[in-house]
Amino acid sequence: MGEAAAFYTEQLRRNAGASDYLKNRCISAATAAKFGLGYSPDDWHPLQTLFGEKYSDRALEECGLVNVRNDRRYDAFRGRIMFPIRNAKGLVIGFGARTMNGDEQPKYLNSPETPIYHKGSELYGYFEGREAIYGKGRAIVCEGYMDVISMHQAGIDTAVCACGTALTPEQVRLISEYADEVILSYDSDEAGQKATLRSLELFRNSPVKVGVLQIPGAKDPDEYIKKYGAERFKALLDGVGNALDFRLGRLRSQYDLAQDAQRLEYVKEAVNMLAERSNPTEQEVYAGRLAEETNISKTAIMTQLETAVKRAGSKHRWEKKQQALKSGEMNQINVPYSAGGSQALGIASAQQRLLAAMLREPHYIDLVQGQLTAEQFVLPQQKELFEAMLRCRQEGIEISLTTLRAFVSEEALNELSHLAAQYSDVNCTPDDIRLYLDRIARGMPMAGKAAHMSNEELSDYLQSMREK
């Protein structure tokens, strides 16, 4: 991946059209070098020609650099500006690729999930801005690669963004390790505002302070900086509003306060929001604002708020109790009721680990074969993967994400790619394989027994498991 990034960087220097595109976007040569920007030639095979026989076809496909369709191999990225995605150590693990033609769709192509790249765990600009984030205690989360680059070029070197996906809990934890404050700076359109609300939910239980930047007169930070300059954008950041201001503003825009019915509904929704998302001091301040907005007495609003706070407290205690029952690895596996529900989770977990181990060490298939059948797999996608692995082993076909693509559905392949990334740093010995098999064997009778329990017996059993 590093060699591919170097190749794309060299191609950028050689292609006047690509260089001009970056100049027109006001990206300097120094900024392009800082982020390792490049250009993928508009041809089918230049990267494959560069590598020759240095790397296997399988390696290039698994990295997402080469695609295969109808037995024809071709470079995955062609005629696009390349944005290398680096991990925390600065190693290139993936790419974002932007078209230079405004009408071409999709505007961005991104590397797929691979054994070295799990996009939900990485942040674009994190490597370049990590030290600044730690030093200043503040991170700015925006929507796209260009926003990050524009901010860094303007001296705002704590900007990061998700890699072609919505923000994830893993990325929130990563930011929280270095920052005490986060400013969400998404696009001003409806999609950007909805993304802001989703991100606020993710940061809700985070220890960091969260602010929301409103961008007047521009659709995103990149456009604002180009129109008004870096200093005015920094002034916006210094005057950023908090999460409550943003939420209440969004709520307020949905109602016509000139109409009594809508004004009362707005107060009701706003009071419920304050009850769930604010402390007593904030409630006092915002109750006064609500009174001014709606011409309803602050006393009446505070009375309504007290009732809502008690209700929210009861709801929070119930949710906390439910969350305690859903923590840990088992909550990451969705087992349908028809497959045994919660009682089959232990089996499904062991089967997941087996599949990941067999992908990494195919000789383990010989140890598993004969002791486990496809019918014993709890989830249909896992069964499909196991059958494909057995078939490849019997026919002498090398087992990898690439070769299995021909034998399984896209959903099953995505599942295996996820498992490979999830357990990539988990060493697995023959003793571990035997342990997983034993866990499955001991779990299967219980799954069958559950079907013959009376309602009372099943209720008692589930209650004992909750207590444990």
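The values are calculated or read from the model by the stated rules, or taken from the named source; none is laboratory data. Please read these numbers as outputs of a predicted model, since none were measured by experiment. FYI the Cβ positions are ideal-geometry reconstructions off the backbone, even for glycines, and counts take in every protein chain you see. For accessibility, only protein heavy atoms count, side chains too; no ligands or nucleic acids. Shrake-Rupley method; radii C 1.70, N 1.55, O 1.52, S 1.80 Å.
Observations, loosely collected:
- Diffusion coefficient, µm² s⁻¹, Stokes-Einstein with Kirkwood Rh over alpha-carbon pairs of region 186-309 at 10 °C and 1.306 mPa s: 99 µm²/s
- DSSP beta bridge pairing in the chain, given as percent antiparallel to the nearest 5: 65 percent
- Its residue count N fixes a reference of 2.2 N^0.38 Å for the chain, and the Cα radius of gyration divided by that reference is 1.18.
- Packing, as the average of other Cβ atoms within 10 Å across residues, places the peptides 228-237, 351-360, 242-251, 412-421 in the order 351-360, 412-421, 242-251, 228-237, highest first.
- Its relative contact order, with pairs defined as Cα atoms under 8 Å and 6+ residues apart, puts region 147-291 at 20 percent.
- FRET efficiency for Leu197 and Ala59, using Cβ-Cβ distance with R0 set to 41 Å, rounded to 0.05: 0.50
- Percent carbon-and-sulfur accessible area, region 133-252, ignoring ligands, DNA and RNA, probe 1.4 Å: 49 percent
- Of Lys268, Lys89, Lys209, the order by accessible heavy-atom surface (1.4 Å probe, DNA, RNA and ligands excluded), from most exposed downward, is Lys89, Lys209, Lys268.
- In the complete set of protein chains, residue-level accessible area for Arg442 is approximately 150 Å², probe 1.4 angstrom.
- Span-like helix criteria (full DSSP H runs; alpha carbon extent of at least 20 Å along the helix axis; mean Kyte-Doolittle hydropathy of at least -0.5) are satisfied in the chain by 345-360, 430-450.
- Full-extension gain in nm, Lys209 to Ala374, via 0.36 nm per residue minus C-alpha separation: 54.5 nm
- Between region 359-375 and region 33-106, the alpha-carbon centres lie 34 Å apart.
- Mean accessible surface per residue for the chain, computed with a 1.4 Å probe while every protein chain stays in place, in Å²: 52 Å²
- Straightening the chain between Lys310 and Tyr108 buys 68.0 nm, computed as 0.36 nm per residue apart minus the Cα-Cα spacing.
- Cα→Cβ-extended label distance, 7 Å offset, between Gln463 and His363, nm: 5.2 nm
- With the simple model of a label 7 Å out from the Cα in the direction of the Cβ, Trp44 to Ser19 spans 3.0 nm.
- Those GluC sites (Glu not before Pro) in region 100-189 that DSSP places in a loop and that have at most 11 other beta carbons within 10 Å: Glu104
- Per-selection metrics, region 380-437 (Cα): Rg and Dmax in Å: 12.1, 32
- Alpha carbon Rg of region 1-153, scaled by the compact-globule rule 2.2 N^0.38 Å: 1.05
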